[in-house]
Structures are given as structure tokens and as C-alpha cells.
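Remarks on the structure that follows.
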Amino acid sequence: MNNRYSTRRSDAFFSTRRIAPRGLAKRLPAALLACTCGSADAIDTYPGGYIALPAGTDVLAVYWQHAERKERYANGRVVKRDFTVKSDATTLTYGHFIDIGGFTAAPGFMLTCGNSRAAGTLAMLGRAAGCTDLIVGMPTWVVNDPANGRYLGVSPYLVAPTGAYERNAALNMGANRWKVGVNVGYVTPLVGNFHLDVVGDMVVNGKNTDYGPYGVSEEEAPVYNLQLHLRYQFNPATRVALSYLHDWGWESTIAGVRQFDHLNRGRYRVSAAQFIDRQNMLEVNFGGDTAVNNGFKVDSYTNLRYIHFF
């Protein structure tokens, strides 16, 4: 069987980060910043993303995403409906599969560039454009059982503060902090053509020592994430999936003062993917937030992906 034209593909590390506005706390309550965490910090995976490919395979993916946020929440209640932030992003990911002592691994990187722009009563905050922080990592499979369709991978990663950041800007693309994280995914068949992916992610955030107009210190608690992907495989080249993702944690501290802006966010995603030949795949994703306790609620986002295997 030619694995490049089957469900045996992997983009566990090479997933999506939704660009989110940063640095609003100098003018707005810090609870507003909850929209920058969870999906912006944890690694979101795609259905089938933890299916390992043979050593020597390269994977290059390019995708575009548009997201809109129109409501701000505090303690689970809407406090403003005309706080709008829109973002567009293009992401490039690359991974190369290798064999290390009998284990399959895929070192690679992910870089996102785009823009965030405010509208409505936030229009005076303007826009931010540039690239977000660079992510490098290496998914490694401790279970790689294609015969039975079961995989277990562990993906440590590092986020470097390379993104565009200006402490006096209301919106920023970068976070001006180092981060380390780990993403763990398990794939198993269910019944018939159904498959289930269970993925967990944890990010430990470093300190931003140049935050806001006075350059104060800003810290963030770890972010946790759970992802469930239910995938139906019509055939080796075509699939649809329904995903649920949940983020929690993150509470921030500015100049030693707790902001009580912890994150508890539910999200959904509907997707469809199709191989157009043995080396190229197209995928479309639609999603949004189901519930938010603090920060912006993502009303909707659209994600289009192109993946090339070589």
C-alpha cells in the first residue's frame, strides 16, 4: 500500500494557531486578553494528525484562516457586544520523518504571519501585522501500529519570542516570552470507518518583562487543552470529521497583581479533507467557540489547508 495516498499522514505538530490580539491590557481590563490564550498558545491538531508516516517522508503544509470575534465575556456573561477583532493568517509548516533508535520522529517548525484588526468600539486600537512567534518541535511515536490503526505520539515543542511585539501597541502578533509545551495524541479505530483521536496539550509560559506602556512584568499560568476528533473515513482519500476542543488555565498576573481572568473555553470544528492525488491533499475547516467565561468569543472561523507529501 502506498502510504502517501492513505490515511497514514501526520501533522500533529504542524497544526493551527489562531492569531489573536495581544497587549490590550494597557487600555482595557485584563480579562479581555483571555481570547489570546488556549487556541493561541496550545497546539491545535487535525483529525488523523497523529498517524505516523514512514521515515524519509517530508510534509509541507500551507493554510489560511479568517476569524471574527464580536462579543466580550467576563465571568461567563456578555459585557460588550460591539468589541470586534478580526484576523487573517497564513501558516507554513514543515516536518521531516526520521527513525531514531527504532522510534519514528518528525522534527519541524511552524510559522504564522498575518494581521489582527479592531473594529466597532475598539476601532481606535488599530491593527497589528507581521509574524507570530516561531514554534519548533519534534513529535515522536511511542506506539506506531499501522496494522491495527493505533498510534501514540508525544510532541515536545518550544515557542521562541520572534514575533512582532511593541509594548506600546494595543495589538501585537508576538507575545514577547519563551514558552515550552508538550502535545500528546492517541489514535484508535472505533467501529466501521469511524476513528477517534484524543489529544492533550500543556503550555508553560515564560515571563514578559516588557509589558504595557511602563514595561512592567506580566506572567501567565500554564494553559491546558483537550481535543477530541471523531473521523469518518469514506475511503483512504476522503474523510469528514467533527471535533471538540477545550482550553482552560492561563490566569495572568500584571506587576504582581492577579487579574482573575482564567480561561475556560469550549470550541467546535467541522472539517472535510480530500487527496487530489498521491502527494497532495486539500482540507476545509469551519468552527467557533461554544462557550467562553472570560475574553472574546470567536463567532466563526474558516480554515483552508493544502498539504504536500514528498
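Any read-out appearing in this document is the output of simple, stated calculations on the displayed coordinates, not a laboratory observation. Owing to the predicted nature of the structure, the values given are computational and were not obtained by experimental measurement. Don't worry about glycine lacking a Cβ; one is built from the backbone with ideal geometry, like all the others, and counts go over all protein chains shown.
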> Any idea how many residues of the stretch 153-203 are more than 15 Å from Tyr224 (Cβ to Cβ), of a type in the set (Val, Ile, Thr) and part of a strand (DSSP E or B)?
Replying inline: 4
> Pick from the stretch 192-205 the residues that are in contact (Cβ under 8 Å) with a residue 40 or more places away in the chain and not hydrophobic (A, V, I, L, M, F, W, C): which of them is farthest from Val180 (Cα to Cα)?
Replying inline: Asn193
> Among Gly185, Gly120, which is in contact with a strand residue (DSSP E or B) (Cβ under 6 Å, 6 or more places away or on another chain), in contact (Cβ under 8 Å) with a residue 40 or more places away in the chain, buried (at least 21 other Cβ atoms within 10 Å of the Cβ) and not hydrophobic (A, V, I, L, M, F, W, C)?
Replying inline: Gly185
> Inside the stretch 223-310, counting only strands (runs of 3 or more DSSP E) that do not spill past its ends, which hold 1 or more residues that are in contact with a Leu (Cβ under 7 Å, 6 or more places away or on another chain) and not hydroxyl-bearing (Ser, Thr, Tyr)?
Replying inline: 223-235, 238-249, 263-277, 280-292, 295-309
>> Contact list please: Cβ distance under 8 Å, first residue in the stretch 65-78 and in contact (Cβ under 8 Å) with a residue 24 or more places away in the chain and closer than 15 Å to Thr302 by Cα, second residue of a type in the set (A, V, I, L, M, F, W, C) and surrounded by fewer than 18 Cβ atoms within 10 Å (Cβ to Cβ), pairs at least six apart or on different chains.
In response: Gln65/Leu304
> Out of (1) over 22 Å from Ala42 (Cβ atoms); (2) under 22 Å from the mean Cα position of the chain (by Cα), the odd one out for Tyr186 is which?
Replying inline: (1)
